[in-house]
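Engineer: Right, I'll just put the structure down here and ask away after.
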Amino acid sequence: MSVHEHLEFRHLKYILAIAEAGTFTAAAARLHVSQSTLSTQIRDLEDKLGIEIFDRERGATLTTEGKILIRYGLESLQNREHIVLTLQAIHAGTLMPLPLEFTPFVDKALLRSVTELYKEMLVGCEIMPESDDPDEIVSRVRQGNLDAAIVTLPILEDDVQAQLIDRERLVVCMRDDDPLAAYETVPPEALNEKISIFTYQRHHPAAYIRLVEMFKEVGITPRPCKPTMNLDHVQWMVKEGVCYSLLRAGRPLENGLVTRPVAGVDWTIDSAFVTRIGSQHPALPLFAQERRNTFGRSPRCQ
């Protein structure tokens with residue numbers, strides 16, 4: 001038996017109870033075991049792992065190792081509970097399809113990866129995506145009418161949990177024969193009154209305001225334009241030499257167009273997985289954690 005196999009869920013439960021209760025005696029009463037049994041279990045675990053979890057000279061004070069164990073042990077206990085509840089719901093046929101709303105600005109590739117991940121984790125379980133404006137979506141999450149959504153930031157995060165799951169760099173789209181295309185990065189002053197903000201103003205006011213602030217911070221006044229959700233039209237206007245535009249770095253370009261980053265800035269478009277605090281859908285915490293684990297491995301998030 002390897003050393004790490006000595007650590008069992010019951011040990012995590014014991015350690016957490018001691019840390020919360022403050023003493024071995026109080027924890028034993030909570031766990032309905034004798035104080036001597038509890039002390040023996042913890043001491044035996046410490047001996048087998050070769051660490052000290054509690055500083056007994058200071059009562060039931062956690063050591064550095066104990067604090068780390070509590071932090072990750074608590075997550076393991078919570079995951080176990082969510083796994084059991086999810087399996088029970090699937091077995092009983094009570095795990096409902098997950099309505100997952102998303103904003104119009106969420107990248108299609110991200111939405112596809114999220115739905116595929118859910119179906120991979122929970123084979124046979126359905127997910128029902130539907131699009132709407134950010135304010136409407138977040139409002140429904142807050143009111144308890146929706147368990148989860150994918151939204152483009154920024155949003156007001158009070159009363160909801162927002163977990164960053166995607167980040168893609170914003171770059172300037174221009175003609176490939178434009179003088180600025182010769183540079184590796186575009187000086188901000190070269191874009192003043194020449195770059196337009198086509199999206200967000202109508203469907204995502206908070207994001208539009210943030211874009212204007214970003215431009216202002218580097219001395220750029222955007223060129224006035226009418227908003228459009230049609231990115232093909234945006235690229236067409238750039239190709240016609242009407243203006244420059246910001247695009248996601250991974251967006252496919254029409255022939256004759258290139259992109260360049262803006263010098264001295266790190267502008268990104270961020271998307272978050274938003275859930276309702278206290279949601280009763282048992283699979284959501286597992287899904288949120290798995291999505292969090294995959295976030296940092298995405299090349300465009302580096």
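Values in this text are rule-based calculations from the coordinates and carry no lab data. Everything numeric in this text was worked out from a predicted model, so none of it was measured. Cβ atoms come from the backbone with ideal geometry, glycine included; neighbour counts cover every protein chain shown.
Engineer: Which entries of Lys67/Lys119; Lys119/Lys216; Lys216/Lys239; Lys119/Lys226 show an alpha-carbon separation above 32 angstrom in the structure shown? Don't jump to the answer; show the numbers that get you there.
Structural biologist: Details: Lys67/Lys119 35 Å; Lys119/Lys216 43 Å; Lys216/Lys239 25 Å; Lys119/Lys226 39 Å.
In this structure, Lys67/Lys119; Lys119/Lys216; Lys119/Lys226 exceed 32 Å between Cα atoms.
Engineer: Just subtract the alpha-carbon distance of Arg142 and Lys67 from 0.36 nm times their residue separation and send over the number in nm, one decimal. Don't skip to the answer; put the middle values down first.
Structural biologist: Values: separation 75, 0.36 × 75 = 27.00 nm, distance 3.32 nm.
Between Arg142 and Lys67, full extension yields an extra 23.7 nm.
Engineer: Let me ask something else about it. Of Thr268, Ile150, Tyr208, which is farthest on the positive side of the dipole of the chain, counting Cα position, with +1 on Lys and Arg Cβ, -1 on Asp and Glu Cβ, and the Cα centre as origin?
Structural biologist: So the residue furthest toward the plus end is Ile150.
Engineer: Moving on to the next point. Could I have the simple spin-label model distance between Leu74 and Gln88, label points 7 Å from Cα toward Cβ, reported in nm to one decimal?
Structural biologist: The modelled label-to-label distance comes out at 2.3 nm.
Engineer: On to the next question. Please give the FRET efficiency for Asp159 paired with Val218, using the beta carbon to beta carbon distance and R0 = 41 Å, rounded to the nearest 0.05. Display every interim value, and only then the final one.
Structural biologist: Values: r = 34 Å, r/R0 = 0.82.
With R0 = 41 Å, the Cβ-Cβ based efficiency is 0.75.
Engineer: Based on the mean of other beta carbon atoms within 10 Å per residue, what is the order of 212-225, 234-247, most packed first?
Structural biologist: 234-247, 212-225
Engineer: I'd like the orientation of helix 35-49 relative to the chain: the angle between its Cα long axis and the longest Cα principal axis, in ° from 0 to 90, rounded to 10.
Structural biologist: 60 degrees
Engineer: Something else about it: Angle, helix 9-21 long axis vs. longest principal axis of the chain, Cα atoms, 0 to 90°, nearest 10?
Structural biologist: That helix lies at roughly 90 degrees to the long axis.
Engineer: Per q in 0.17, 0.21 Å⁻¹, report the Debye log10 I(q)/I(0) for the stretch 3-92, using one uniform scatterer on each alpha carbon and no solvent.
Structural biologist: -0.72, -1.01
Engineer: Would you mind checking the tilt of helix 108-121 against the longest principal axis of the Cα atoms of the chain, expressed as 0 to 90 degrees and rounded to 10?
Structural biologist: Taking Cα atoms only, the helix is inclined about 20 degrees.
Engineer: Going by average Cβ density within 10 Å per residue, which order do the peptides 145-151, 44-50 take, highest to lowest?
Structural biologist: Numbers: 145-151: 22.4, 44-50: 13.7.
Most protected by this proxy first, the peptides run 145-151, 44-50.
Engineer: Mind giving me the FRET efficiency for Glu20 and Glu120? R0 is 35 Å, r the Cβ-Cβ distance, nearest 0.05 is fine. Please report the intermediate quantities before stating the final value.
Structural biologist: Numbers: r = 36 Å, r/R0 = 1.02.
Computed FRET efficiency for Glu20 and Glu120: 0.45.
Engineer: Just to confirm my numbers, what's the Cα centroid distance between the stretch 119-166 and the stretch 210-284 in Å?
Structural biologist: Answer, in whole Å: 21.
Engineer: Between Glu254 and Leu49, what is the spin-label point distance in nm, taking each point 7 Å from the Cα along the Cα→C-beta axis?
Structural biologist: A separation of 6.1 nm, rounded to one decimal place.
Engineer: Here's something else I'd like to know. Once you sort the root eigenvalues of the Cα gyration tensor of the stretch 103-169 as a ≥ b ≥ c, which label holds: rounded (a/c under 1.5), prolate (a/b larger than b/c) or oblate (the other case)? Could the numbers behind the result be given before it?
Structural biologist: Numbers: a/c = 1.85, a/b = 1.29, b/c = 1.44.
Cα axes put the stretch 103-169 in the oblate bin.
Engineer: Run down the aspartates and glutamates and flag those whose C-alpha is under 20 Å from the C-alpha of Lys13, throwing out any fewer than 8 positions away in its chain.
Structural biologist: Counting by Cα, and skipping residues close in sequence, Lys13 has these aspartates and glutamates nearby: Glu5, Asp44, Glu46, Asp47, Glu52, Asp55, Glu65, Glu75, Glu81.
Engineer: Counting helices only, and only those DSSP H runs with n ≥ 4, report the 222 nm mean residue ellipticity of the chain as the sum of -39,500 (n - 2.57) divided by its residues, in deg cm²/dmol to the nearest 500. Write out the running numbers ahead of the final one.
Structural biologist: Values: 9 runs with 122 residues, N = 302.
So the helix-based figure for the chain works out to -13000 deg cm²/dmol.
Engineer: Using the charge dipole of the stretch 125-252 (Lys, Arg: +1 at Cβ; Asp, Glu: -1 at Cβ; taken about the Cα centre), state which of Pro188, Val141, Gln161 has its Cα farthest towards the positive end.
Structural biologist: The listed residue farthest towards the positive side: Pro188.
Engineer: Let me ask you something else. Could you give the size of the charge dipole of the chain about its Cα centre, using +1 on the Cβ of each K and R and -1 on the Cβ of each D and E, expressed in debye and rounded to the nearest 20?
Structural biologist: Details: 33 positive and 42 negative charges, 28 e Å.
The calculation lands at about 140 debye.
Engineer: The list (i) 14.8; (ii) 21.3; (iii) 16.1 gives values of mean projected area of the Cα convex hull in nm², and only one came from this structure; which label was calculated from it?
Structural biologist: For mean projected area of the Cα convex hull in nm², the calculated option is (ii).
Engineer: Under unit Cβ charges (Lys, Arg +1; Asp, Glu -1), what dipole magnitude, rounded to 20 debye, does the stretch 3-92 have relative to its Cα centre? Walk me through the numbers before you get to the answer.
Structural biologist: Details: 10 positive and 12 negative charges, 47 e Å.
For the stretch 3-92, the charge dipole is close to 220 debye.
Engineer: Local charge sum around Val218 (other residues, Cβ-Cβ under 13 Å, Lys/Arg +1, Asp/Glu -1)?
Structural biologist: Working: positive: Lys216; negative: Glu189, Glu213, Glu217, Asp266.
With Lys, Arg at +1 and Asp, Glu at -1, the neighbours total -3.
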